[in-house]
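The values are calculated or read from the model by the stated rules, or taken from the named source; none is laboratory data. Since the structure is predicted, the reported quantities are computational estimates derived from the model, not experimental observations. Virtual Cβ from ideal backbone geometry, glycine too; neighbours counted across all protein chains shown. Quick note on the areas: whole protein, heavy atoms, side chains included, nothing else; ligands and nucleic acids left out. Shrake-Rupley method; radii C 1.70, N 1.55, O 1.52, S 1.80 Å.
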Amino acid sequence: MKATPFVFLILLVAASCSVKEQGYNREDGLSVFSVQGIETHLKTLASDAYMGRMPFTEGEKKTLAYLEAQLKQLGIEPGNGTSYLQEVPLVNITATAAQTMAVKSKKGSFTLEGLKDYVIWTERTDEKTELNDTELVFAGFGIVAPEYNWNDYEGLDVKDKIVLVLVNDPGFGSGDSTLFKGNTMTYYGRWTYKFEEAARQGAKGVLIIHDDVPAGYGFWVVQNNWNTSRLYLDRRADNPYFCATVGWVSNPAAKKLFETAGLDWAATVSAARKPGFKAIPMNVTLSASLTVKASYDKSYNVVGKITGIKQPDEYIIYSTHWDHLGIGKPDEKGDTIYNGALDNASGTAGILELAKAFKALKTKPGRTIIFLIVTAEEQSLLGSAHYAENPIYPIEKTVANINIDGLNPYGRMNDIVVIGIGQSDLEDYLDEEAKAVGRYTSPEPNPVAGYYFRSDHFSFAKAGIPALYTGTGIDHFEKGKEYGKQLQDEYVAKYYHKPSDEYDTTRWNLEGAVEDLKLLFNVGKRLSVETTWPQWKTGSEFKTIRSQNMKQ
Ligand SMILES: [Zn+2]
């Protein structure tokens, strides 16, 4: 239907009145954003002088000093009392596993070979941790999901036992899009969730059965974890329970364990996919050991704020991570510095531009805007996890989180990607802003990979705060979708987590980044003048957590 110009005009007036009543002006502040503005910060943070911005290094000191100076210069208030820093205590755990694992069953005994058959590690800091003829239980997918009426631990006591669980969730590969989320991975499908749930249940250990397709990567990726060091939050203060060992078994090794337990592999796995599945004691025991070295250090989140003029005790958090991988192995060109220009000097530059734009608003934000630039994202979201567990601003007073991890380096796009589509009302805000400028939102090209659980917004989601995470569009303004897709594949193949992720004016075009930032700015700007609270959508795995937090 085509409206007459007259009718169209009336509609337009009506629409702009309703948003104006809320004090929302779509244009206010937008002129601040520029390619040059982003570029200045990006060039600095991604330069070799910042040494790949690794926590605990000289690169961290330089980065923190730069960010603090920039926030001060913009007139952004310190976000943690009188400080721009939040201390993040971390522990580096190096776990060394014994070469073999002993398996005993009624059918006989054998050993599994470390690295080849299994990979284990621990979050415990005791010098030695072991499994000693510890009983093995097959616990399906190891999932407790009230919204799907699913509990693999129902009636099961896993104290002093190791749980063996399947990778991903029952929806994946089921051909049923109503079972969990079908092929779209839910939080319950993530390996991190399975370790956390096993610990919540008090299990002695947990082993995930690897499988290429539902895992999304080969066993060699898991093998990279063999006897390495990892950073964790230093939780000595609250001393929570951790499993003695966590890890993975290869698919052939898992089948061997099933065989010795007298369980039919195919039938058991298929039963585990059905609602009402009951965990199966395997009458198999495992023995293995780990020696542990722990060392403690501190890194820092950077935090600034603009205090709201109407509801100063309600918060909107923009987040991004400042850290990257530091100095590592040389690439073909002999370059050893992981500059992390896209990941995530660009997002850090973006948040500074957002701060500048919020500062320049004619209509001041009613709610308080927080700019949180976290550490140790690359070490599994530690800076944001620390914030979510030790929030400076109350979780139940935090309206929303908008996270940036990488800006669009490819020029203008018609679309902007919503990662984890269907999660919260925030995507509708974004969609409206996109439409208002003739753009559109599109779903992530690869929902199977679970990207919604792989950047800092996830730490907020886990705490129940509605969180928006976007990605670069693929519908290139001049050259279309094929070209856009090609650019993204090229990024993953050539630049992602490599020393080649550098700022390069011949390759980069930040015009699209400016447009994306304007959308993210407008979403936050609108939230800042509204009094309503965006919600998780029905079916989101974070909805229950939010309603529980809001009741307290
Ligand atoms: Zn990143």
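Just a few scattered comments:
- Distance violations [Cα-Cα > 31 Å] among LYS72/LYS298; LYS274/LYS494; LYS107/LYS278; LYS462/LYS525; LYS298/LYS333; LYS359/LYS435: LYS274/LYS494; LYS298/LYS333
- Placing pseudo-labels 7 Å out from each Cα toward the beta carbon at ASN149 and PHE56 gives an inter-label distance of 4.9 nm.
- The range 43-158 - accessible surface per residue (Å², probe 1.4 Å): 46 Å²
- Potential lengthening between TRP265 and LEU115 on full extension [0.36 nm per residue; Cα-Cα distance subtracted]: 51.7 nm
- The convex hull drawn around the Cα atoms of the range 142-196, when projected onto a plane and averaged over every direction, covers 4.0 nm².
- Pair ASN227, GLN36: separation of 7 Å Cα→Cβ label points (nm): 5.6 nm
- FRET efficiency, ASP428 to ASP335 (Cβ-Cβ, R0 35 Å, nearest 0.05): 0.20
- Our estimate of slack between ASP48 and VAL492, defined as 0.36 nm per intervening residue step minus the Cα-Cα distance, is 157.7 nm.
- Per-selection metrics, the range 430-552 (Cα): Rg and Dmax in Å: 17.1, 53
- Put simply, the amide H of ILE209, placed in the peptide plane, has neighbours under 5 Å in VAL165, LEU166, VAL167, VAL249, leaving out anything fewer than 5 places away on its chain.
- Highest average first, the peptides 460-469, 358-367 ordered by how many other beta carbon atoms sit within 10 Å of their residues are 460-469, 358-367.
- Of LYS61/LYS481; LYS161/LYS256; LYS194/LYS481; LYS159/LYS256, pairs whose Cα-Cα distance is over 30 Å: LYS61/LYS481; LYS194/LYS481
- Here the range 262-283 is scanned for amide nitrogen atoms under 11 Å from the site 7 Å beyond the Cα of LYS107 along Cα-to-Cβ, giving 262-265.
- Computed over the alpha-carbon atoms, the chain gives an Rg to Rh ratio of 0.99, Rh here being the Kirkwood radius from the mean inverse distance.
- Zone residues, the range 79-113, relative to THR291, backbone N less than 15 Å from point 7 Å out along Cα-to-Cβ: 94-100
- Centroid-to-centroid separation of the range 496-535 and the range 218-294 [C-alpha atoms, Å]: 39 Å
- One way to sum up the overall shape of the range 402-457 is the equivalent ellipsoid from its Cα gyration tensor, whose semi-axes run 18, 14, 11 Å, largest first.
- Taking every Cα-Cα distance in the range 504-544 and sorting them into 10 Å bins from zero, the calculated P(r) comes out as 23, 26, 29, 16, 5 percent.
- Helix-only CD estimate at 222 nm, as mean residue ellipticity for the chain, using -39500 (n - 2.57) per DSSP H run (n ≥ 4): -8500 deg cm²/dmol
- Residues in the range 515-545 that a label on SER177 would reach, taking backbone N under 20 Å of a point 7 Å out along Cα→Cβ: 537-541
- Scanning residues 5 or more positions from GLN311 or on other chains, those with amide H under 5 Å from its amide H are ARG367, with H placed 1.01 Å from N in the peptide plane.
- Sparse-neighbour loop sites [GluC sites (Glu not before Pro); the range 122-212; at most 14 other C-beta within 10 Å; DSSP]: GLU127, GLU154
- The gain in end-to-end length when the ALA436 to TRP533 segment is fully stretched comes to 32.7 nm, 0.36 nm per residue minus the alpha carbon separation.
- The loop-placed GluC sites (Glu not before Pro) in the range 460-527, going by DSSP, that have at most 12 neighbouring Cβ atoms within 10 Å of their Cβ come out as GLU478.
- Cα-only Debye scattering, the range 211-306: base-10 log of I(q)/I(0) at q = 0.15 Å⁻¹: -0.93
- DSSP H segments from the chain that extend 20 Å or more along their own axis, Cα-based, with Kyte-Doolittle mean of 0.5 or above: 5-21
- Sites GLU482 and GLU511, calculated FRET efficiency, Cβ-Cβ separation with R0 22 Å, nearest 0.05: 0.65
- Burial order of peptide ranges 416-427, 372-383, 105-116, 74-85 (average beta-carbon count within 10 Å, highest first): 372-383, 416-427, 74-85, 105-116
- Each label point was placed 7 Å from the Cα along the Cα-to-Cβ direction; for THR100 and GLU130 their separation is 1.5 nm.
- Near the amide H of GLY473, within less than 5 Å, lie the amide hydrogens of VAL417, all on another chain or at least 5 residues away, with H placed in the peptide plane.
- Surface share of carbon and sulfur [accessible, 1.4 angstrom probe, percent] for the chain: 53 percent
- Take every DSSP beta bridge whose two residues both sit in the range 93-294; close to 70 percent of them are antiparallel.
- Flagged links, alpha-carbon separation over 20 Å, of LYS397/LYS551; LYS305/LYS397; LYS518/LYS543: LYS518/LYS543
- Principal axis dimensions, the range 93-294 - Cα atoms, whole angstrom, descending: 45, 43, 33
- Sorted peptide list for 163-169, 494-500, criterion being average Cβ within 10 angstrom, highest first: 163-169, 494-500
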